[in-house]
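The values are calculated or read from the model by the stated rules, or taken from the named source; none is laboratory data. Just so we're clear, the structure is a prediction, and the values are computed from it rather than from any experiment. Because the Cβ atoms are built from the backbone with ideal geometry, glycine has one as well, and the counts that use them run over all protein chains shown.
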Amino acid sequence: MSKVIVITGASGGIGAALAVQLGQQGHRLVLGARRDKELNEVARRTGADTRTVPTDVTVRAEVDRLRDRALGAFGQVDVWVNNAGRGITRNVLDLTDDEFDQIMAVNVKSALYGMQAIAPHFMTRGSGHLINISSVLSRVPFVSFRSAYNAAKAALNALTSNLRVDLAQSHPGIHVSLVMPGVVTTDFQRNALGGTPQMQLGAAAAAQTADEAAAAIVRLIENPVAEIYTNPSQAAMVLRYFEDVAAFERQFRRA
């Protein structure tokens, strides 16, 4: 059954791969991102009824406009994916105020704007699916130079779970899902503020392609659950971390 799906951060990486896969399934799409040229190229690749809306997700009014354009085009939204995000290479003690604020704006406030924009529509309809794209780094700090990004995604996890609990009581037909990719072979590493150093992450953090991560999200849309790891092996890693944080971190330092 065709759905109307809004995706932010859709001009590249997981967002673009997700748009293409969903378009190939016949879903109607509304794609938001700052890069208009790249966004239109993704729309062309979807082969579907796809609208593009240049959007800076750090500006609430532009996120509201994205919602309004989707509703104006299709009359409803069935799935909203808060996918936009950006990394930074800074250890905790090196972060500046401006860097921290920027990462929080891109990774947390943008998703908050999306949640607050679309939730009233879902509540009126009594149904809908909100998906927030987080990261396995929100659970396990095995890349400490991503400190602000990791903190932002941990905050996103908390907002997501709290919204899910709230809506489950009053609007049980609305699904709220958290997606946690690991390392994905996209331009995310290259586009991170400060670049990305060479690193050895081991088998537990083996990289996925954007298509592989997107395919996991497609399955989530078909069968909503509270949260998923796009790389299933990382769920076991997170469990080991929380079973004995100190032991996990000692072992990781020796690796």
Here, helices (runs of 4 or more DSSP H) confined to the range 157-255 with at least 3 residues that are at pLDDT 95 or above are 210-222
In the range 152-176, the residues that are more than 16 Å from ILE118 (Cα to Cα), among the hydrophobic types (A, V, I, L, M, F, W, C) and either in contact (Cβ under 8 Å) with a residue 40 or more places away in the chain or touching a Leu at 6+ places or on another chain (Cβ under 6 Å) (or both): ALA152, ALA155, LEU156
I want to confirm something. Restricting to the range 118-132 and keeping residues that are surrounded by 19 or more Cβ atoms within 10 Å (Cβ to Cβ) and in contact with a Ser or Thr (Cβ under 9 Å, 6 or more places away or on another chain), which single residue is nearest to ASP98 (Cα to Cα)? ASN132
Which of the residues spanning the range 77-104 are surrounded by fewer than 16 Cβ atoms within 10 Å (Cβ to Cβ) and polar (S, T, N, Q)? ASN91, THR96
Restricting attention to the range 128-157, the residues that are among the polar types (S, T, N, Q) and over 20 Å from ILE228 (Cβ atoms) number exactly 2
From VAL59, VAL63, residue being farther than 19 Å from VAL4 by Cβ and within 18 Å of the chain's Cα centre (by Cα): VAL59
Write out, first by first residue and then by second, each pair whose Cβ atoms fall under 6 Å of each other, whose residues are 6+ apart or on separate chains, and whose first residue, in the range 231-246, is under 16 Å from VAL143 (Cα atoms) while the second is at pLDDT 90 or above. GLN234/VAL136; VAL238/ARG139; VAL238/VAL140; TYR241/VAL140
Would it be correct to say that MET115 is farther than 24 Å from TYR241 by Cβ and surrounded by fewer than 18 Cβ atoms within 10 Å (Cβ to Cβ)? no
Considering each of LEU29, LEU71, LEU22, LEU18 in turn, give the residue that is in contact (Cβ under 8 Å) with a residue 60 or more places away in the chain and more than 29 Å from ALA151 (Cα to Cα). LEU22
